[in-house]
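Just below is one structure, and these are the notes that go with it.
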Amino acid sequence: MRFNKTRNKIFGGIFIFIIVVAFFFTPTGYYLEVPGSAEDTSQFVKVNGKQDKKKGSLLLTTVGIVSGTPFTLLKSLGNNFETIYSQQDLMGDENSQQYFQVQKYYMQSAQNSAIQAAYTKAHKSFTKQYLGVYVMDVMDNSDFKNKLEVGDTITSINNYHFKSSNQFIKYVKKLNKKATVRINFTRNGKKKSATGKLVKLTGTKRHGLGITLTDNTKATGNPPTKIDAGDIGGPSAGLMFTLQVYSQISKQNLKNGRTIAGTGTISPDGTVGPIGGIEKKVYAASAMGATIFFAPNDPVTKEIKKYDPGYVNNYNLAKRAAKKIHTKMKIVPVKNLDDAINYLEKTK
């Protein structure tokens, strides 16, 4: 009897242990978006091979994406700075590898736009090199489904080299729908090729490769600027990278010893666009001691209100977040690069 009782206690203990481990560590298929980090852009940017050593910081801000467990999901309930997403809501039809590959492209694109915007503002020359079309998605019915991957860059089709994605699309439109095509592409710096047939594009009467694509370009300035963001992905660091590059190539001390944070996409013409997760970025910036936070002041148009009546723009979301955490950090609205530069110059 004693042996049975002891055995039952052991099995009971093991069972409880398994339940506890599962509660704390088992993935649920859901993800949490949480406050990330605030990183000094000077560590990622080199102009003429040199980093900015002036006092102060221009901080890019990030969100963290973590796999949700029963414990972390339960703990996040009621937390204003943690948001639960299903994999479908967060990544769409992409798997995690494809999702982070696309985020890497967005960062690369943001860096190129930052260089163009900064050099234009500083009246410095730059060149823009067209690399090809970047593969954002490969459709299930595509003949290139297992030949192309998200992140590949197509450089030619049937030895035809194009100068824009529009040129590429027009060329494919003219092909016979029964045509077999050969494409050349690069993957992780290596040249590759593949052959396949055109397929009917869903929702249209046209035939094509069955891919979602965008332009892949590279901007090079004079003096040369190199931006290497490491594992950070997404387009939202565009504004802060632009300010860092501009301050170096124009030799203006925008920081003036201050800790300045912000977020927002950047267009080559200097337009600042909205991003996701701004509340978490306000939290991360405040935790790093920032005194200024630039928030995109994107216009709320009638068209937006029509499709999303409850839409609140980035600037107002940032102000709400700042109020919740009782930070003294100044939330500054910006619509373009000039707004940010003018504010920093006036408040030195």
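The values are calculated or read from the model by the stated rules, or taken from the named source; none is laboratory data. Values in this document were obtained by computation on a predicted structure and should not be read as measured data. Counting neighbours? That spans all protein chains shown, and the Cβs are built from the backbone with ideal geometry, glycine included.
For the stretch 175-223, a tally of residues being assigned to a strand (DSSP E or B) and of a type in the set (Lys, Arg) returns 8.
Working carefully through the options Thr186, Thr202, find the one that is surrounded by 16 or more Cβ atoms within 10 Å (Cβ to Cβ) and either assigned by TED's automatic domain parsing to the domain that holds Val245 or touching a residue at least 24 places away in the same chain (Cβ under 8 Å) (or both). On inspection, the qualifying residue turns out to be Thr186. Taking each residue of the stretch 283-309 that is in contact (Cβ under 8 Å) with a residue 12 or more places away in the chain and looking for partners that are charged (D, E, K, R) and in a helix (DSSP H, G or I) with beta-carbon atoms closer than 9 Å, six or more apart or interchain, yields Tyr283/Lys324; Phe293/Lys281; Phe294/Asp339; Ala295/Lys281; Ala295/Lys319; Asn297/Asp339. Could you tell me whether Gln87 is modelled with pLDDT of 90 or more and either crowded, with 17+ Cβ neighbours inside 10 Å or more than 13 Å from the chain's Cα centre (by Cα) (or both)? Criteria not met by Gln87. Residues in the stretch 216-236 that are surrounded by fewer than 19 Cβ atoms within 10 Å (Cβ to Cβ) and of a type outside the set (Val, Ile, Thr): Lys218, Asn222, Pro223, Pro224, Lys226, Asp228, Gly230, Asp231. The number of residues in the stretch 237-257 that are in a loop (DSSP other than H, G, I, E, B) and crowded, with 18+ Cβ neighbours inside 10 Å comes to 3.
Among the criteria (1) farther than 20 Å from Ala284 by Cα; (2) not in a loop (DSSP other than H, G, I, E, B), the one His123 does not fulfil is (2).
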